[in-house]
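One structure is given below, encoded as structure tokens.
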Amino acid sequence: MPNYQAAPVEKKWQEKWEKSGLYKTDLSATDKPKYFILDMFPYPSGAGLHVGHPKGYIATDVFARLKMLQGHNVIHPMGWDAFGLPAENFALKNKTHPRFSTEQNVANYKRQLQLLGFTYDWNLEINTTDSDYYKWTQWIFVKLFEAGMAYESYEPINWCPVDKTGLANEDLEDGKCERCGSLVEKKPMRQWVLAITKYADRLLNDLDKLPHWEPAIKEMQRNWIGRSEGVEIDFKIVGSPELICVFTTRVDTIFGCSYVVLAPENRLLEELRPMIKNWNQVFDYVEKVKNKSDLERTDLNKDKSGVLLDGVKAVNPFNGAEVPVYIADYVLNSYGTGAVMAVPAHDERDYEFARKYGLPIKEVIAKKFSERRSDAVKRDGVAAVIVNDKKVLVLYDKKNSIYRLPAGGYEKEENDEQALLREIKEETGYVNCNIVEGLGTIEANFQRLPLEGQYRHKFQKGYLVNLVNNEKTELHAEDIDKFESMWVAYEEAMQKFATNKESWGEEEFIRRAFDEKNRCFTDDGTIINSDFLEDLSSQQGRESAIKWLEENSHGTRKINYKIKDWVFSRQRYWGEPIPIIHCAFCGPVAVPESELPVKLPDVAEYEPSGTGESPLAKMTDWVNTTCPKCSKPAKRETNTMPQWAGSSWYYLRYIDPRNSSALVDKTLEKYWSPVDFYVGGAEHATRHLIYARFWHKFLYDQGVVSYEEPFVRLQHVGLIMGEDGRKMSKRWGNVINPDDVVAQFGADSLRVYEMFMGPFDQAVSWSTKGLVGASRFLERTYNAVTSLSARTGDGKPEDHQKALHILHNTIKKVEEDIQEFKFNTAVAQLMIFTNEVKDLELGADAVNIWQKMIIVLSPFAPHIAEELWEMLGGKDSVFRASWPKYEAQYLLEDKIRIGIQVNGKIRGELAISRGAEEQEVLKAAKAEPSVAKFLEGGQMVKEIYVKEKLVSLVVKM
RNA sequence: GCUGGGGUGGCGGAAUUGGUAGACGCGCGGGACUUAAAAUCCCGUACUAGCAAUAGUGUGCGGGUUCGAUUCCCGCCCUCAGCACCA
């Protein structure tokens, strides 16, 4: 029978905390530095919590307790995000009302959370489905509407046929409904949309003001916002007044444009119809595309398709070239202008399409390998990548010790082919070669090795060459000594060139030769074959081209975003009613603030209709109202808000949860805002976290909040997987319920274990064995403290030294690790303390030392810490104590052991005193028997002493 | 494909301005206590060879720089997450 009984102790302290109001946050107290630490509030599902859910809450709780002990006013609140599809679907399935099932689920979640002994102040609890709460969600919508940020749209949107509602882009996963996994359809319907794209630039730029966010999450947001700077160019159409406007970020490649592509849905198609000779074929293609789902369309990624618009020619304004026009579904109508200029040589998609349909591929960018020098001599040339049987021919220049490809400059009037074949013959002897394909151009600048020494600048054209047969001529006598030729595999060739003394980019040609995909060069480089852009860098070329476009009115600068405006209507029951009244005379009118909230009416039948109408539409009593402006009969908006609405601002409400006259009091907001630390799942990086930042910025512009960014520091929590390594799920039967764990091992064991499992942000598998380890540690600590009273006297001085050394290192390590969220190593340090200190003879001073340890342990295991604190004479809660300060004098030990290396290998160890003289240490090191035998008979070359770390001896044998 | 992580014992993982790789925990082996078992405590535990002292090998793979590389550089493989025809 173990000595420590978790259940009664945990119950005892939870009751005491409740009674004394230990964790109550006095919102009006502004005497101390504040700390706002926030969990992503849960969406209470019917299944209850599994052990993975509380991991983040445990971490914030540990952190909050540290801050309390360090003397901060801490706000650590919790609430419920309870509107939305999953709750409604759950209710439908169980034939109950969502309000009822939500209440039940919330109660269950709350009970489960309370078992773990968190510092949540339940007086601050909020619930997005309370009308007192969603009044302010509606209020924000009204402000958005009044600011022109919420508008009605009739564009086709994503429609989930199973959940029977429209969805935002953010609600899709692989083109499927994120909730139920069904394929979404495109459906045109009336909907409310929020103009998040107006904030796109600020959402993007302000990421730079968030140094304490993980770079990975900022990067995800950058990708999601997807800003790209480019130009729109107008292509005239031969024999038509219409223009094809294309968007491109690469005007520098304009002279490589060999055709133009329209999205199949592009409206221009109708206008051009009379000119199109093969209309039937075009029409068929458009129809085929229409019937493809978005998923099928993107799935065809690898196999591009399209149809030529026979009879239509577009004119490249830069050179007057008439190029063919295609429709192809690799061009999206919803991005840019729904039309692109195709530059197959420098865009992978165009390249693939051009190869499939045999369209010209014109190279206009050379890869730049190194900087040009003003004193360089220009000498262009050709290079051969001769491939035979998956091996490439590499020359070794013996005199200069360099590897190279067969290559050289032009002689007299030679063309590429002549020069190439001549060089191959001269340098390798092969006479029967077959030029397969060009590999593009590399601009190289380099110094000719010893022979000439001058700097060269060249455009080198690469060619893939096959051997027709092995026939060779004799090399010139001089060349036989000069070169050694060898056939090597890809990896070996890459390696040879990687360490080559003189190189101009041969690896690039080899890479292109071995993989067709690499033949399309999409980076910036030096412009070639391009009229007035010739020889400019891509960057300069873009500037010149834009200038030319604008001066000649053929186009203009343009910025596009991937992020779309936020589709904000749901045709479902369980959500905040959108506070709008439709009046035949006044149009859509906002519900006046005095009439908010627009309460969600109770209904018996709330099943989605599937017609695109919300179930609220059937509630005629509720729908029929009068216009607030003209008082004539009018109808309420029946769509509801998406699940993400309530969570986009909830953190603000914790600061002032019962305020009925304002969203949040200004003074309180100023003191408690912003959220100092926000912890939650990485899956919200592009949804919730973008929406919340968007609303927050809007509220900032409205003067409601005083900071531009809501969350100062952001940390994502890694999942806890099942013992089998799979996600915890009913489906796999690997779910561990915290109720069971707490009943068997206690909340403290669960808390300590979850913090100890591994790095906080990493996914780790649950291990009940591992949990036992945490439990044993607490038990050992308990036993150590309970046996303290049996010890008397002064103890041993060296034990004292040791205990103080460990204690102060523990204080430092735990304090620093908690702040950096490195809980696993903090717990390891606490374990070291118990293991090392429990058997030391410390006499009466033991109590003092262990008291400090208990404070340091308390954030992780608050119940057992309180119990032990009380046992050692603590009168008040341990959380009313102060975090101990570590003292530098105890951190370092006087005796150190250092390693001794001989020729880089550890051969022995040496005990020295801190501050020992270098000469003494070296002398002692050399005298060490295990070292000395490796020094025997050798000559000392070097002796290195890294202070208080190691000795490194170099001996020549 | 792109972007960002990651690859270290039987397992979860420590250690990075380059300095004794494997802290801590699990598991495993041995021992103590017990009539016995559980629990607890003590000792050991990277791998290979050896009775041992010891020697060799070792941080995904191949090279490089260095007295010294898990750490830095070049090339490659695998894996997880997000995005995915965004011109």
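Of all positions in segment A:615-635, none carries a residue that is open to solvent by less than 10 Å² (accessible area, probe 1.4 Å) and hydroxyl-bearing (Ser, Thr, Tyr). For segment A:210-248, residues that are open to solvent by less than 70 Å² (accessible area, probe 1.4 Å), more than 7 Å from RNA strand B (Cβ to nearest atom), over 10 Å from the mean Cα position of the chain (by Cα) and of a type in the set (A, V, I, L, M, F, W, C) total 11. Across segment A:356-369, a minimum of one residue is classified as surrounded by fewer than 15 Cβ atoms within 10 Å (Cβ to Cβ) and away from RNA strand B (no atom under 16 Å from the Cβ). Looking at segment A:1-118, the helices (runs of 4 or more DSSP H) lying wholly inside it that each contain 3 or more residues that are modelled with pLDDT of 95 or more sit at A:6-20, A:54-69, A:98-114. One residue stands out among those in segment A:497-512 that are modelled with pLDDT of 75 or more and either over 34 Å from the mean Cα position of the chain (by Cα) or surrounded by fewer than 16 Cβ atoms within 10 Å (Cβ to Cβ) (or both): the one that is farthest from RNA strand B (Cβ to nearest atom), which is A:TRP504. Filtering segment A:1-34 to residues that are farther than 19 Å from A:ILE126 by Cα and among the aromatic types (Phe, Trp, Tyr) leaves A:TYR4, A:TRP13, A:TRP17. Take residues that are open to solvent by less than 40 Å² (accessible area, probe 1.4 Å) and either within 16 Å of RNA strand B (Cβ to nearest atom) or among the hydrophobic types (A, V, I, L, M, F, W, C) (or both) and tell me which of the strands (runs of 3 or more DSSP E) falling wholly in segment A:157-200 contain 2 or more. Those strands (runs of 3 or more DSSP E) span A:191-194.
Could you check, for segment A:865-877, whether at least one of its residues is more than 44 Å from the chain's Cα centre (by Cα), in contact (Cβ under 8 Å) with a residue 60 or more places away in the chain and in a loop (DSSP other than H, G, I, E, B)?
Yes, there is a match, as at least one residue in segment A:865-877 is more than 44 Å from the chain's Cα centre (by Cα), in contact (Cβ under 8 Å) with a residue 60 or more places away in the chain and in a loop (DSSP other than H, G, I, E, B).
Kindly indicate which of A:THR30, A:THR25 is over 25 Å from A:ILE690 (Cβ atoms) and either within 16 Å of RNA strand B (Cβ to nearest atom) or open to solvent by 20 Å² or more (accessible area, probe 1.4 Å) (or both).
Testing whether each residue is over 25 Å from A:ILE690 (Cβ atoms) and either within 16 Å of RNA strand B (Cβ to nearest atom) or open to solvent by 20 Å² or more (accessible area, probe 1.4 Å) (or both) leaves just A:THR30.
Counting the residues of segment A:898-915 that are exposed (fewer than 10 other Cβ atoms within 10 Å of the Cβ) and of a type in the set (D, E, K, R) gives 1.
When segment A:417-438 is filtered for residues that are surrounded by fewer than 21 Cβ atoms within 10 Å (Cβ to Cβ) and either in contact with a Lys or Arg (Cβ under 6 Å, 6 or more places away or on another chain) or among the polar types (S, T, N, Q) (or both), the ones remaining, listed by number, are A:GLN418, A:GLY429, A:VAL431, A:ASN432, A:ASN434. Exactly one residue among A:ARG693, A:ARG726 is of a type in the set (D, E, K, R), buried (at least 21 other Cβ atoms within 10 Å of the Cβ) and either within 16 Å of RNA strand B (Cβ to nearest atom) or touching a residue at least 40 places away in the same chain (Cβ under 8 Å) (or both), and that residue is A:ARG693. Are any of the residues in segment A:739-762 away from RNA strand B (no atom under 16 Å from the Cβ), open to solvent by 50 Å² or more (accessible area, probe 1.4 Å) and either at positive phi or assigned to a loop (DSSP other than H, G, I, E, B) (or both)? There is no residue in segment A:739-762 that is away from RNA strand B (no atom under 16 Å from the Cβ), open to solvent by 50 Å² or more (accessible area, probe 1.4 Å) and either at positive phi or assigned to a loop (DSSP other than H, G, I, E, B) (or both). Quick test of your reading of the structure: A:GLU841 fulfils all but one of (1) away from RNA strand B (no atom under 16 Å from the Cβ); (2) touching a Gly at 6+ places or on another chain (Cβ under 7 Å); (3) open to solvent by 40 Å² or more (accessible area, probe 1.4 Å). Name the failing condition by number. Of (1) away from RNA strand B (no atom under 16 Å from the Cβ); (2) touching a Gly at 6+ places or on another chain (Cβ under 7 Å); (3) open to solvent by 40 Å² or more (accessible area, probe 1.4 Å), only one is false for A:GLU841: (1).
The values are calculated or read from the model by the stated rules, or taken from the named source; none is laboratory data. In this text, all values refer to a predicted model and were calculated from it rather than measured experimentally. Ideal geometry is used to build each Cβ from the backbone, glycine not excepted, and the neighbour counts take in all protein chains shown. Heavy atoms of the whole protein, side chains included, go into the accessibility calculation; ligands, DNA and RNA do not. Shrake-Rupley method; radii C 1.70, N 1.55, O 1.52, S 1.80 Å.
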